[in-house]
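Notes to accompany the following structure.
The values are calculated or read from the model by the stated rules, or taken from the named source; none is laboratory data. Computed from a predicted structure; not experimentally measured. Note that each Cβ is placed from the backbone with ideal geometry, even for glycine, and that neighbours are counted across all protein chains shown.
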Amino acid sequence: MSKSSDTSDPPLPSTRTGTWPGTRRSRQQDHGTAGRSSHEATMSGRHHLTIASMALLLFAVATAAVGQVMLKHGMQIATARAQAGRSLALSAATSPWVLLGLAVFGISAVAWLATLSRVPLSIAYPFNALGYLGILTASVLVLHERASIFTWLGSLLVVSGLIMVVLSRP
């Protein structure tokens, strides 16, 4: 059997206009993303990092770092108490620093969720590199821990990666 020329194959899109033959392009198509919702703009790869979104993102990262330092300080105290005969779990559960650290970390989690509702994850997540640098600095200055030059260089290398991500926004 031979195939007839009047088969019902769907027409192919016109390569000149990017639309189906016989259809008109809408005004939105002619003018790019005008009229698109923020979800559509984000899904198409376009995003706008506003000052408010950036502030929220930095707040989430900073509170996570502060919460981690508080938790570490509280656990140092709880460990000292546990060595004096108390239960480590009980010492940690009753430590004001651990409880405050958990509260601050909880605030950070809420701020992170709000950030994710506004900023693409591919932009937001690299900002956690700032948390590494903040925690490293606080661990040396506040907790009196030691950090090698390689730890500092590695952290700075991670932060330089963040800078490259931010500067190469599509």
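In the set LEU113, LEU133, LEU121, LEU99, which member is within 24 Å of LEU167 (Cα to Cα) and surrounded by 14 or more Cβ atoms within 10 Å (Cβ to Cβ)?
That would be LEU133, the only listed residue that is within 24 Å of LEU167 (Cα to Cα) and surrounded by 14 or more Cβ atoms within 10 Å (Cβ to Cβ).
Output yes when any residue across the range 62-78 is farther than 21 Å from TYR132 by Cβ, modelled with pLDDT under 95 and either of a type in the set (Gly, Ala, Ser) or assigned to a helix (DSSP H, G or I) (or both), and no when none is.
yes
Can you tell which of SER155, SER168 is loosely packed, with under 12 Cβ neighbours inside 10 Å and either modelled with pLDDT under 85 or of a type outside the set (A, V, I, L, M) (or both)?
That would be SER168, the only listed residue that is loosely packed, with under 12 Cβ neighbours inside 10 Å and either modelled with pLDDT under 85 or of a type outside the set (A, V, I, L, M) (or both).
Would you list the helices (runs of 4 or more DSSP H) that sit entirely within the range 81-161 and hold 3 or more residues that are without any contact (Cβ under 8 Å) to a residue 60 or more places away in the chain and of a type in the set (Ser, Thr, Tyr)?
none
Could you figure out which of (1) part of a helix (DSSP H, G or I); (2) closer than 21 Å to ALA129 by Cβ; (3) at pLDDT below 95; (4) in contact with a helix residue (DSSP H, G or I) (Cβ under 8 Å, 6 or more places away or on another chain) isn't true of MET54?
With (1) part of a helix (DSSP H, G or I); (2) closer than 21 Å to ALA129 by Cβ; (3) at pLDDT below 95; (4) in contact with a helix residue (DSSP H, G or I) (Cβ under 8 Å, 6 or more places away or on another chain) applied to MET54, the lone miss is (4).
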